[in-house]
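Any read-out appearing in this document is the output of simple, stated calculations on the displayed coordinates, not a laboratory observation. Everything numeric in this text was worked out from a predicted model, so none of it was measured. Virtual Cβ from ideal backbone geometry, glycine too; neighbours counted across all protein chains shown.
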Amino acid sequence: MSHPIRLAAMSEEWILRVTCPDATGVVHAVTGALAGLGANITESQQFSSPDSHQFFLRVHFTTPAPVSEADLETALAEAAARFSMTLGLQPAQKRTRTLVLVSKAAHCLNTLLFQQSAGQLPIDIVAVAGNHDALRPLAEFHGHDFHHIPITPETKETAEAQLRRLVTDLDVELIVLARYMQILSPDLCAALEGRVINIHHSFLPSFKGAKPYH
């Protein structure tokens, strides 16, 4: 579910995210539209998914003079229609409202909290939630609310509904699975499409389970 961008009307430094069916000419169309505004691209990343045949592009750019979101959307409209693009625009200085999901292991959460407090991550951690209560002291030490949402096979549907309400109530834009040892249901994945990342590094899927290194 997309959220309206709550911004000041003008900005000179922007981030553009593009998702569309993979096709020849997508990058040219986007960069050409930005060049027409006199924009300067400072960073660009792209990825083609061979499984879904989707193309993903993230462009960080600046404009020589303040420009409105409406002006940018107008400049990109032709390319967006031609390639069936889904566009996301936000000022580079906007901080992403982030919910961190955890279980018992603290190392991923500890790294995120430290980097955010040190100014190394451009996010606002609006809360931490876990299916265990073990990491509440760590979250609260850094000044973040902790929400305990226990999950069993019998209560999984109810617990995921509680998690979805939390996401809505806190206006969450990004959910980070920081060694969150639960498999999200297909319904929850669909509801949170495009807003969830997993930072638990392991050898999955070759070695499944809680101890992939073993």
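Given the DSSP H assignment, sum -39500 (n - 2.57) over each helix run of at least 4 residues in the chain and divide by its residue total; what's the result at 222 nm in deg cm²/dmol, nearest 500?
Helix-only estimate at 222 nm: -8500 deg cm²/dmol.
Of 32, 135, 123, which is farthest along the charge dipole of the chain in the positive direction, counting Lys and Arg as +1 and Asp and Glu as -1 at C-beta?
The Cα lying farthest towards the positive end belongs to 135.
When Rg is the radius of gyration of the Cα atoms in the range 87-126 and Rh is its Kirkwood radius, what does Rg/Rh come to? Don't skip to the answer; put the middle values down first.
Numbers: Rg = 12.0 Å, Rh = 11.4 Å.
Rg/Rh: 1.05.
For a quick size check, give me the Cα extents of the chain along its three principal axes, largest first, whole Å.
53, 38, 31
Averaging the inverse of every distinct alpha carbon separation and then flipping it gives the Kirkwood radius. What is it for the range 80-159, in angstrom units? Don't skip to the end; give the middle numbers.
Numbers: mean 1/r = 0.0683 Å⁻¹.
For the range 80-159, the Kirkwood estimate is 14.7 Å.
Along the range 173-186, what does the Karplus equation 6.51 cos²θ - 1.76 cosθ + 1.60 (θ = phi - 60°) give for ³J(HN,Hα), rounded to whole Hz, x for Gly and Pro?
Taking θ as phi minus 60°, the curve returns 9, 9, 10, 10, 8, 9, 6, 7, 8, 9, 8, 6, 5, x Hz for the range 173-186.
What number results when the radius of gyration of the range 23-150, computed over Cα atoms, is divided by 2.2 N^0.38 Å?
Numbers: Rg = 19.5 Å, N = 128, 2.2 N^0.38 = 13.9 Å.
In units of the 2.2 N^0.38 Å rule of thumb, it is 1.40.
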